[in-house]
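Colleague: Quick one: this structure, given as structure tokens, is what I'll be asking you about.
The values are calculated or read from the model by the stated rules, or taken from the named source; none is laboratory data. The shown structure was predicted, so the numbers you read here are calculated from the model rather than taken from an experiment. When we count neighbours, we look across all protein chains shown, and the Cβ atoms used for this are built from the backbone with ideal geometry, even at glycine. To get the accessible areas, we keep the full protein, side chains included, count just its heavy atoms, and leave off ligands, DNA and RNA. Shrake-Rupley method; radii C 1.70, N 1.55, O 1.52, S 1.80 Å.
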Amino acid sequence: FDARDKYLSRIGRLFDRLEDLHFPTIAAVNGFALGGGCELALSCDLRVLADTVTIGLPETRLGAIAGAGGVQKLVRHVGRSKAMEWILRGSHVDAATAAHHGLAVAVVPAAGLEAAAMKLALELRALAPRAMAQSKRALYLSEDSDLRTAQLFGLESLSILVGGEEWNEGMKAFVEKRAPAFDQW
């Protein structure tokens with residue numbers, strides 16, 4: 001219990017904080033992301049993988065379980081059946097397979113990983129920060145709530161945004177057929 005309380009639970013809380021940030025997080029993954037590295041990547045909102053990546057939660061090969069939220073997050077990303085297969089078998093999953101099952105927004109050559117992740121970050125940076133923060137909260141809440149509660153949260157989020165500075169700029173840009181200019185993060 002000492003290791004759980006002093007080490008493992010702290011790592012899990014740290015990884016969970018990535019989901020709680022008001023801006024999107026991107027994991028640029030290269031090489032091996034097994035165990036804790038995979039759990040860290042799963043805790044980010046989006047993942048860009050190098051084509052050479054091997055990712056997974058192989059703890060069953062070691063007589064353990066991914067204890068920092070990896071099991072719970074993997075099932076949400078790839079579904080119960082695929083998560084069950086990968087976790088119980090202690091699978092090492094290649095980048096193409098991971099992307100095929102929804103674990104990545106892109107697979108790129110390793111040499112272009114940083115550039116691809118930065119391109120995605122700049123694309124996100126150009127969007128409405130408050131709307132993105134509300135959308136991120138709504139997405140995570142939808143996983144943990146019944147449909148009605150999630151819909152009510154979405155409606156409340158929209159009511160917070162409508163008439164605000166970002167909404168006004170977005171509508172004006174739409175009418176003027178130009179890209180909106182939102183305040184930066």
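Colleague: List the pairs whose first member sits in region 139-167 and is more than 16 Å from residue 20 (Cα to Cα), whose second member is loosely packed, with under 13 Cβ neighbours inside 10 Å, and whose Cβ atoms are under 8 Å apart, counting only residues at least 6 apart or on separate chains?
Modeller: Listed by first residue and then by second, the contacts come to 165/183; 166/183.
Colleague: Looking at the structure I just gave you, is residue 45 closer than 23 Å to residue 141 by Cβ, surrounded by 14 or more Cβ atoms within 10 Å (Cβ to Cβ) and among the acidic types (Asp, Glu)? Quick ask: steps written out before the conclusion?
Modeller: Working: closer than 23 Å to residue 141 by Cβ: yes; surrounded by 14 or more Cβ atoms within 10 Å (Cβ to Cβ): yes; among the acidic types (Asp, Glu): yes.
Spelling it out, residue 45 is indeed closer than 23 Å to residue 141 by Cβ, surrounded by 14 or more Cβ atoms within 10 Å (Cβ to Cβ) and among the acidic types (Asp, Glu).
Colleague: Additional query: Answer with yes or no whether residue 167 is closer than 18 Å to residue 33 by Cβ, assigned to a helix (DSSP H, G or I) and of a type in the set (Phe, Trp, Tyr).
Modeller: It is false that residue 167 is closer than 18 Å to residue 33 by Cβ, assigned to a helix (DSSP H, G or I) and of a type in the set (Phe, Trp, Tyr).
Colleague: Could you run through region 64-120 and say how many residues are open to solvent by less than 30 Å² (accessible area, probe 1.4 Å) and β-branched (Val, Ile, Thr)?
Modeller: 4
Colleague: Still on this structure: Output the residue which, of all residues in region 1-30 that are surrounded by 13 or more Cβ atoms within 10 Å (Cβ to Cβ) and small (Gly, Ala, Ser), is modelled with the lowest pLDDT.
Modeller: Per the criteria, the residue is 9.
Colleague: Still on this structure, please answer the following. Residue pairs, Cβ under 8 Å, 6 or more apart or interchain, first in region 69-80 and closer than 13 Å to residue 35 by Cα and touching a residue at least 24 places away in the same chain (Cβ under 8 Å), second of a type in the set (D, E, K, R) and surrounded by 16 or more Cβ atoms within 10 Å (Cβ to Cβ). List them.
Modeller: Hits for this filter: 69/39; 70/39; 73/39.
Colleague: Let me ask something else about it. Can you find even one residue in region 28-40 that is touching a Pro at 6+ places or on another chain (Cβ under 6 Å) and within 23 Å of residue 133 (Cβ to Cβ)?
Modeller: So far as region 28-40 goes, no, none of its residues is touching a Pro at 6+ places or on another chain (Cβ under 6 Å) and within 23 Å of residue 133 (Cβ to Cβ).
Colleague: Mind checking which pairs have a first residue in region 101-116 that is under 11 Å from residue 28 (Cα atoms) and a second that is open to solvent by less than 30 Å² (accessible area, probe 1.4 Å) and among the basic types (Lys, Arg), Cβ under 6 Å, 6 or more apart or different chains?
Modeller: 104/47
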